[in-house]
Amino acid sequence: MYIENVKSPKDIKSLGIEQLNTLSKEIRKALIVRLSKCGGHVGPNLGMVEATIAMHYVFNSPIDKIVFDVSHQCYTHKMLTGRAEAYLDLTHYGDVSGYTNPEESEHDFFNIGHTSTSVSLACGLAKARDLKGETGNIIAVIGDGSLSGGEAFEGLSNAGTLNSNMIIVVNDNEMSIAENHGGLYENLAQLRQTNGTTECNFFKSLSLDYRFLADGNNISELIKIFHEVKDCSKPTVVHICTQKGKGLSYAEENREKYHFSGPFDIATGKGKHDNSEVENYNTITGKIVIETAANNPRFVAITSGTPGVFGLNSSQRQALGSQFIDVGIAEEHAVAVASGLASAGCRPLWAVYSSFIQRTYDQMSQDLCINNNPAVICVFAASVYGMNDVTHLGIFDIPLLGNIPNLVYLAPTCKEEYIAMLNWAVDQQKHPVAIRVPAHVTASDVLFTDNDYSNLNRYQKVETGERIAIIALGSFYSLGRKTAVEIERRTGIHPTLINPRYISGLDSNMLNEIKSSHDIIVTLEDGILDGGFGEKIARFYGNSNIRTLCYGIRKEFIDRYNVNELLKENRLTPEQITEDIEQLL
């Protein structure tokens, strides 16, 4: 095998075309085996094997710097830059992350996992190179789906003003995570149909030179075109057409499903831990969307390039017609569109992952909340139980969203409460409302579920006790329940248990009410502590004799963590919390 002898990109430069083709087969086979065992981004990586080999064959990394957009297609790059063992040896699968990481290799320049960023990052590298009087090629790799993000346009537009070397490899597989949406893709289709010769050329309009390659999985042709643009003196786009999921028939046919996958059976493609029949908040939301759209022609569901968040398949999305909008990977635009729809009397619902709503603070504040337009936002994977890669953490949303004026941010504890809150949010017309979707589908464990949340910031006292009050927010309500049981078992004190429901406001009446009969207040939140919900409670009691213990996650970037270990490190177990309370008592 060739791949076993590749310790750096230099080791492939002496290989002939046939040997490189053999290498690509070895890499693709290794990728499929590893992906089938531990999951990952299937389609993006299988489609980029040949292009990555060709780039490392022609360019001289790390002097020539390759920046991958999203970097979820970097597995072949890692195999060619000294990390092949992590893809060939089961015992080393955990050695590398799913994204580029400068801590792993000098060939990685950014730890990045969000989209539409590579051209902008590469512009910075190119400018730095020129300012320092250095040489070398700067290569940005970006997929056609990522072009729908606003930062991609900003980067391309700025790149057009650079009067020096920069190469932008546009990997066009006619797909984002799902299908592409936006007028730009009509031009990409024209370019494909005319072999890059149509006069209408998006890239040329931005003062970029342009090259086209119809077969982006042909190593020989890739090497040829990369040699042609190497050391170019003007920013140049190399537009290549690749097959997403290449080498796995079912991944080629169902490109949305196999964009990312958990472990699967290689022969059939069936997931080894298939939970498709298990109810989850995505499918619960999808059912509500279908029902609401049928009853209200002004209702519109919005996604920003992640339609799976609604739990709706392609046919269901098509059936919704004009009541389903995919704006592409453009979260900022999604917020503004939702605000515009709401201001005109429509009922928009935008569903987004917590990690990605971080991109929208200005639009949330300026476009939506200053105008107090009643759009609805469902925030998914906002939890330590969500995605755990450092680039996709979902634990920063409470400080971000909970402090924007006019926004009502709700934290349901269970399925029934989520459905009630979502139905109310869509029906009401006074406030922009965000809902922090729970981590796990559980049945109701509260006294009752309201159908009307218009009387803002009214907490729910689930159990009345003495001396100790536990205010347990959203997904951590169950932790609060277990902690209450542990406290009573070890101290004999029956704690008060409160479901606060509202992240964005304080129930001053209830908080004042429990002052007279309680000494200790415990807050629990499934997110970082700094700027979070617990600090609001602690500030409220700051000038009193009440002792406030705030529990959550310390502020840091954490990568591929074990949830149970993380909870213990942050003293987020019933036993640890009870120990702390016992010391105070």
The chain -> Rg/Rh from Cα coords, Kirkwood Rh, value 1.01
Expected sort for Leu208, Leu497 with the fewest Cβ neighbours (10 Å cutoff) up front is Leu208, Leu497
Cα-based Rg and Dmax for segment 281-436, in Å, come out at 14.1, 41
For Arg458, the net charge from surrounding residues (Cβ-Cβ under 9 Å; K, R +1; D, E -1) works out to -1
Given Cβ charges of +1 for Lys and Arg and -1 for Asp and Glu, the option among Ile514, Leu497, Asn564 whose Cα lies farthest towards the positive end of the dipole of segment 495-571 is Ile514
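Averaging the inverse of every distinct alpha carbon separation and then flipping it gives the Kirkwood radius. What is it for segment 3-253, in angstrom units? Can you show the working numbers first?
Numbers: mean 1/r = 0.0554 Å⁻¹.
Taking the inverse mean of 1/r over all distinct Cα pairs, segment 3-253 comes out at 18.0 Å.
About the Cα centre of segment 460-584, how large is the charge dipole given +1 on each Lys and Arg Cβ and -1 on each Asp and Glu Cβ? Please answer in debye to the nearest 20. Walk me through the numbers on the way to the answer.
Details: 16 positive and 19 negative charges, 41 e Å.
Computed charge dipole of segment 460-584: roughly 200 debye.
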In terms of the charge dipole of the chain, which places +1 on Lys and Arg and -1 on Asp and Glu at the beta carbon, the residue among Phe533, Cys38, Leu368 farthest towards the positive end is Leu368
Here segment 221-226 yields Karplus 3J(HN,Hα) values (6.51, -1.76, 1.60; θ = phi - 60°; whole Hz; Gly and Pro given as x) of 5, 5, 4, 4, 6, 5
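State to the nearest 20 debye the size of the charge dipole of the chain about its Cα centre, where the only charges are +1 on K and R beta carbons and -1 on D and E beta carbons.
Values: 51 positive and 69 negative charges, 29 e Å.
With only Lys, Arg, Asp and Glu charged at Cβ, the dipole is about 140 debye.
Show that you can apply the helix-only estimate: for the chain, add -39,500 (n - 2.57) for every DSSP H stretch of four or more residues, divide by all residues, and state [θ] at 222 nm to the nearest 500. Show your work: numbers first, answer last.
On the way: 21 runs with 200 residues, N = 585.
Mean residue ellipticity, 222 nm, calculated: -10000 deg cm²/dmol.
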Charge tally for neighbours of Gly143 with beta carbon under 11 Å away, counting Lys, Arg as +1 and Asp, Glu as -1, is -3
In whole Hz, the Karplus estimates of ³J(HN,Hα) for segment 525-532 (6.51, -1.76, 1.60; θ = phi - 60°; x where Gly or Pro) are 9, 8, x, 6, 6, 4, x, x
To the nearest 10 degrees, the tilt of helix 477-491 (Cα long axis) against the first principal axis of the alpha carbons of the chain is 50 degrees
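When Rg is the radius of gyration of the Cα atoms in segment 1-46 and Rh is its Kirkwood radius, what does Rg/Rh come to?
Details: Rg = 11.8 Å, Rh = 11.5 Å.
Taking Rg over the Kirkwood Rh, I get 1.02.
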For Ile435, the residues 5 or more places away or on another chain with a placed amide H closer than 5 Å to its own amide H are Ile377, Cys378, Val379, Leu410
Other residues with Cβ under 13 Å from the Cβ of Glu332 give, with Lys and Arg +1 and Asp and Glu -1, a net charge of -4
Going fewest to most other Cβ atoms within 10 Å around each Cβ, Arg560, Arg83 line up as Arg560, Arg83
Dipole check, segment 460-584, charges on Cβ (K,R +1; D,E -1), about Cα centroid: among Ala484, Ile553, Val462 the Cα furthest to the positive pole belongs to Val462
Among Lys10/Lys65; Lys415/Lys568; Lys65/Lys132, the pairs whose Cα-Cα distance exceeds 18 Å are Lys415/Lys568
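Here, each number is a calculation from the coordinates, and none is a lab measurement. Given the structure is predicted, the values throughout are model-derived calculations rather than measurements. Ideal geometry is used to build each Cβ from the backbone, glycine not excepted, and the neighbour counts take in all protein chains shown.
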